[in-house]
1. Please go through the range 139-157 and pick out each residue that is modelled with pLDDT of 95 or more and hydrophobic (A, V, I, L, M, F, W, C).
2. Go through the range 52-93 and give me each residue that's farther than 19 Å from residue 138 by Cβ, in contact with a Pro (Cβ under 8 Å, 6 or more places away or on another chain) and among the aliphatic types (A, V, I, L, M).
3. May I ask you to list the residues in the range 139-153 that are farther than 19 Å from residue 60 by Cβ and not hydrophobic (A, V, I, L, M, F, W, C)?
4. With (1) among the aromatic types (Phe, Trp, Tyr); (2) out of contact with any helix residue (DSSP H, G or I) (no Cβ under 8 Å at 6 or more places or on another chain); (3) over 23 Å from residue 18 (Cβ atoms) as the list, and residue 96 as the residue in question, which single condition is left unmet?
5. What residue, of 24, 66, 78, 40, is modelled with pLDDT of 95 or more and either assigned to a loop (DSSP other than H, G, I, E, B) or within 18 Å of residue 152 (Cα to Cα) (or both)?
6. Report yes if residue 47 is more than 19 Å from residue 153 (Cα to Cα), charged (D, E, K, R), in contact with a Pro (Cβ under 9 Å, 6 or more places away or on another chain) and surrounded by 14 or more Cβ atoms within 10 Å (Cβ to Cβ), otherwise no.
7. Within the range 43-63, track down each residue that is in contact (Cβ under 8 Å) with a residue 24 or more places away in the chain and part of a loop (DSSP other than H, G, I, E, B).
Amino acid sequence: MLAALAPAQAQFLTEGEQWQEESVPPAPPFSTQGLVPFEVGVDSPLRFGLVPDTLQLGADGVIRYVVVAQSTSGAVNVMHEGLRCRTQEMRTYARWSPTQLPLPAPFASEAGQWRSAGETRWQGWRDHAAGRPAWALARAGLCDGAAPNGRPAQMLQALRQNPPLR
């Protein structure tokens, strides 16, 4: 039981010590079939979805996932991101670029390639527009206050119970 709780508590165990992010795994393969939709804001022109099979909780307390944003015109952005509930921060690790257009619906990672976002830094998710999806995910079920909301399956259940308003 303690081993199951270790990732969720990792952010608290390092209080007073210097926190260090573990090695970031490569961006995972994904498919847009079965996205879990979430609302970023009623004024957002984009529709957002989390790729459920990519949701992970690291031993460092970082929640990593792939998020898809699509405009009404069909433009698509896909990002591999991480968020830290304790510090209310997010970080983009990689962006997916399509290699074929138009994209079929649904599409998978094989229709493009991941490109590293470079040496990005952790940023407050309320500090910039790019952080709004992470903030929305945290509120909708990935975080329980300053801690991850349990295991990924529990986070997904909470996210599914907060469907978008559209």
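1. 142, 143, 146, 147, 153, 155, 156
2. Selection gives 59, 76.
3. 139, 141 - these are the residues of the range 139-153 that are farther than 19 Å from residue 60 by Cβ and not hydrophobic (A, V, I, L, M, F, W, C).
4. The one condition residue 96 does not meet is (2).
5. Sole residue among the options that is modelled with pLDDT of 95 or more and either assigned to a loop (DSSP other than H, G, I, E, B) or within 18 Å of residue 152 (Cα to Cα) (or both): 66.
6. Yes: the conditions hold for residue 47.
7. Answer for the range 43-63, where residues must be in contact (Cβ under 8 Å) with a residue 24 or more places away in the chain and part of a loop (DSSP other than H, G, I, E, B): 44, 45, 55, 58, 59, 60, 61, 62.
Residues checked against (1) of a type in the set (A, V, I, L, M); (2) buried (at least 22 other Cβ atoms within 10 Å of the Cβ); (3) under 16 Å from residue 115 (Cα atoms); (4) in contact (Cβ under 8 Å) with a residue 40 or more places away in the chain:
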{"residue": "24", "(1), (2), (3), (4)": "yes, no, yes, yes"}
{"residue": "33", "(1), (2), (3), (4)": "no, no, no, yes"}
{"residue": "71", "(1), (2), (3), (4)": "no, no, no, no"}
{"residue": "75", "(1), (2), (3), (4)": "yes, no, no, no"}
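The values are calculated or read from the model by the stated rules, or taken from the named source; none is laboratory data. Quick caveat, the model's predicted, so the values are computed rather than measured. Every residue, glycine among them, receives a Cβ derived from its backbone with ideal geometry; neighbour counts consider all protein chains shown.
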